[in-house]
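Derivation of every value follows stated rules applied to the coordinates shown; laboratory data play no part. Because the structure is a prediction, the values reported are computed rather than measured.
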Amino acid sequence: MPGRKYDDATIAAAVDRRWQGQGLSRIAKDLGMTRGAVEYHCLAQGVVPDGGSIVWLNRTKVVRRGNHLVRLFTAAEDRKTEALRISGASITEIARALGRKLVSVRSRLQTLARRLEAREAAA
C-alpha cells in the first residue's frame, strides 16, 4: 500500500483555511494539493464552507459529477450500512455486501456521521 500523499500538517492547514471560507482551488494551489484532495479531507473532517450543509437537489439514482457518473446511496443502503457498522462489520465487509467500492462506503459513513451531528446540534 502506498504511503500517504499529504502529511497531517498539510491536511490540517487545508481544513483550517477551508473553515475560514477560502476556496478549494486556492487552498489546493497554495498547499500543493489537488482540489479533490482538499475537498475530500475537508468533508472527512465535517468542514463545509460558511457552516452550511450539503443538500442534494437531484434525487435520481445516478448523477454526473465532473466527467463521471455517481450512483447515489438509497435510504435502504444507508440503513443496511449503519446496521452492518453497528454490528461490527468492517468497511470492506460493508462494501462487499452493498456491491460498492471501499472509498464510497467510507465517504458515505462520514456523510452519515456529519448529518447525525448536525441533527443533534440542532436539537
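Residue by residue, what Karplus-based ³J(HN,Hα) values in Hz, rounded to whole numbers, does region 110-118 have, using 6.51, -1.76 and 1.60 with θ = phi - 60° and x for Gly and Pro?
Each residue of region 110-118 in turn: 5, 5, 4, 5, 4, 5, 4, 4, 5 Hz.
Compute the normalised compactness of region 68-123: alpha-carbon radius of gyration over 2.2 N^0.38 Å, N being the residue count.
Numbers: Rg = 11.8 Å, N = 56, 2.2 N^0.38 = 10.2 Å.
Cα Rg divided by the expected 2.2 N^0.38 Å: 1.16.
Once phi is turned into ³J(HN,Hα) by the Karplus curve 6.51 cos²θ - 1.76 cosθ + 1.60 with θ = phi - 60°, what whole-Hz value does each residue of region 29-36 show in order, with x for glycine and proline?
Along region 29-36, the couplings run 5, 5, 9, x, 10, 7, 4, x Hz.
Apply the Karplus parameterisation 6.51 cos²θ - 1.76 cosθ + 1.60, with θ equal to phi minus 60°, to every residue of region 95-103 and state each ³J(HN,Hα) to the nearest whole Hz, in sequence, with x for glycine and proline.
Here the 3J(HN,Hα) series is 4, 5, 5, 8, x, 10, 6, 3, 5 Hz.
Under 5 Å between amide hydrogens, which residues at least 5 positions from Tyr6 or on another chain qualify, with H placed 1.01 Å from N in the peptide plane?
Correct list: empty.
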